[in-house]
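S.K.: Quick one: structure below, then a few questions.
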Amino acid sequence: MAGKLEGKIGVVTGGGSGIGLATVKKHLAEGATVVIAGTSDERNQKIADELNEQYPGKCAYKHCDVRERDDDVELINWVNDTYGRIDFYVCNAGYAGPTDIEPATYDFEVFDRVFKTNVYGLFYQMTTLLPIMEAQGEGSIILIGSASPFCRAHVRRIPRARAPRARTSWIWPTSRHRRASA
């Protein structure tokens, strides 16, 4: 039985682990052909090869560091040239930076990597991808973002004396309060 995405061609950046890999597997199960894009060449190629055993000819790996405009352009053009179209593009690659340092101690290199990955990378991909999808007359772009690794690293424990209504309270950088235990 054909899946909902039979015949569709797509890309998942950061598709070799976590949410990205789950996204790849789900799209393959629905019949799509999926290109995993990332920087861990050996691992990602092995994953693509293993997925091809289950879904023959439906998965490929292409190196792409989303921080580098040339890599983004090369990836998108390669997929379009190889498969003739791009029906969906999942921007999943991201970087939160080290989780063991305070935000005030971030140095320029850390900030630069976070910004290049999460902002410039998206810009590079969109400016290359949108004209292709416009020419096709259709296509879907899915942006996945999460600040949770960053937030968890900077949670503050508030003693009971300062938070009398709860035995333990957590203060999130987003000013969201969460009760950790009763």
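The values are calculated or read from the model by the stated rules, or taken from the named source; none is laboratory data. Remember, it's a predicted structure, so these values are computed and weren't measured experimentally. With ideal geometry, Cβ positions are generated from the backbone for all residues, glycine too; neighbour counts draw on all protein chains shown.
S.K.: Can you go through A37, A22, A60 and tell me which one is over 19 Å from L122 (Cβ atoms), under 14 Å from the mean Cα position of the chain (by Cα) and free of Cβ contacts under 8 Å to residues at least 60 places away in the same chain?
M.R.: A22 is the lone residue from the list that is over 19 Å from L122 (Cβ atoms), under 14 Å from the mean Cα position of the chain (by Cα) and free of Cβ contacts under 8 Å to residues at least 60 places away in the same chain.
Per-residue answers, yes or no, for (1) among the small types (G, A, S); (2) touching a residue at least 12 places away in the same chain (Cβ under 8 Å); (3) not assigned by TED's automatic domain parsing to the domain that holds I141:
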position	(1), (2), (3)
Y89	no, yes, no
A93	yes, yes, no
D100	no, yes, no
A104	yes, no, no
F115	no, no, no
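S.K.: Please state which of the following conditions D71 fails to meet, knowing it meets all the rest: (1) within 21 Å of Y120 (Cβ to Cβ); (2) within 12 Å of the chain's Cα centre (by Cα); (3) at pLDDT 95 or above.
M.R.: (2)
S.K.: Taking helices (runs of 4 or more DSSP H) that fall entirely within the range 22-116, which contain at least 1 residues that are in contact with a strand residue (DSSP E or B) (Cβ under 7 Å, 6 or more places away or on another chain) and at negative phi?
M.R.: Filter on the range 22-116 gives 41-54, 69-83.
S.K.: Going by the structure shown, is I132 surrounded by fewer than 17 Cβ atoms within 10 Å (Cβ to Cβ), assigned by TED's automatic domain parsing to the domain that holds A22 and modelled with pLDDT of 80 or more?
M.R.: Answer is yes for this residue.
S.K.: Continuing with the same structure: If T128 passes every condition in (1) within 24 Å of N44 (Cβ to Cβ); (2) out of contact with any helix residue (DSSP H, G or I) (no Cβ under 9 Å at 6 or more places or on another chain) but one, which one does it miss?
M.R.: Among (1) within 24 Å of N44 (Cβ to Cβ); (2) out of contact with any helix residue (DSSP H, G or I) (no Cβ under 9 Å at 6 or more places or on another chain), the lone unmet condition for T128 is (2).
S.K.: Tell me the residue from V90, V66, V24, V12 that is crowded, with 20+ Cβ neighbours inside 10 Å, out of contact with any Ser or Thr (no Cβ under 7 Å at 6 or more places or on another chain) and of a type outside the set (S, T, N, Q), please.
M.R.: Within the list V90, V66, V24, V12, the selection yields V24.
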